[in-house]
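Heads up, the thing below is written out as structure tokens.
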Amino acid sequence: MGKDVIIACDFNTKEETLNFLDKFTDVKPYVKIGMELFYAEGPQIVKEIKQRGHKIFLDLKLCDIPNTVMKAMNVLSRLDVDMCNLHASGTIPMMEAAIKGLTRPDGTRPLLIAVTQLTSTSQEVMTRDLLIDKPINEVVMHYAKNAKTAGLDGVVCSPLEAGDVKNVCGKEFLTVTPGVRFADGDTGDQVRVTTPQKAKEIGSDYIVVGRPITQAADPVAAYKRCVSEFVD
Ligand code: C5P
């Protein structure tokens, strides 16, 4: 499985998104479409970006009863995306149902990865609000193991957790990691960050990079810098 840089296209409108993608003339980056853009523009935006030749990670983080997730994943599989995700907290039966729904009649399916604990959730909040009193790293690794048991391809995690996930679930189990910043760049609201180069050393398979590319004076140059540090 080749490493790749995924650009988080956190824009509110189709116009802004396509204007941004128009800047890329000689490369077709892998892009992440999240809830804001999907809810604003609907499935058509996914089809349009796909038709332009981009790979797509559809970041909708599903979590519901198994039957509902199975049917929703079935709809997403027809959008021809390359990767989608769900919450591992939905449990193993939900994740198994998701795989079933996502698998196309010809046996192919997009990659399916799980969110373990959101990186916005601290140990304190997890204990207080979710009544989970185990150490957060143990919870993340347990959810990653559940995802593997259910047949998923990997997890979204902090690059700093990627090494542990590989140790627990095997090196083929994918780690998709946001929280990436250039050594000389702003961290913004991300707290636990690392550079593309360091993410490569730790063993991330895909880095998800938003503002360091989308807000750069020269987004294409920033993307190429990520690729040269992380992939090449
Ligand atoms: O702009 P930035 O590089 O911080 O964007 C990171 C992207 O990854 C955003 O789309 C954010 O929602 C997403 N993400 C994250 N942390 C997670 C899961 C997703 O930053 N744990």
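The values are calculated or read from the model by the stated rules, or taken from the named source; none is laboratory data. As the structure is a computational prediction, the values presented were derived from the model and not from experiment. So basically every Cβ, Gly included, is an ideal-geometry build from the backbone, and we count neighbours across all protein chains shown. Each accessible area value is taken on the protein alone, full model and side chains, heavy atoms only, with ligands, DNA and RNA left out. Shrake-Rupley method; radii C 1.70, N 1.55, O 1.52, S 1.80 Å.
Quick notes
- Cα shape, the stretch 115-232, gyration tensor, a/c 1.5 rule: oblate
- Portion, in percent, of the accessible area of the chain that falls on carbon or sulfur, probe 1.4 Å: 51 percent
- Relative contact order (%) - criterion: Cα under 8 Å, at least six apart; region: the chain: 19 percent
- Here the mean projected area of the convex hull built on the C-alpha positions of the stretch 1-97 is 6.7 nm².
- Average accessible area per residue (Å²) across the stretch 4-230 - probe 1.4 Å, nucleic acids and ligands excluded: 47 Å²
- Principal axis dimensions, largest first and in whole angstrom, of the stretch 87-174 by Cα: 45, 26, 19
- One chain, two ends: Glu15 and Ser120. Fully extended at 0.36 nm per residue, the span grows by 34.9 nm beyond their Cα-Cα distance.
- The phi torsions of the stretch 190-198, fed into the Karplus equation with coefficients 6.51, -1.76 and 1.60 and a -60° offset, translate into couplings of 7, 9, 8, 10, 8, 8, x, 4, 5 Hz, rounded to whole numbers, with Gly and Pro shown as x.
- Overall shape: oblate for the chain, with the ratio a/c of the largest to smallest alpha carbon gyration tensor axis at 1.5 or above and b/c at least equal to a/b.
- By average C-beta atoms within 10 angstrom, highest first, the peptides 38-45, 206-213: 206-213, 38-45
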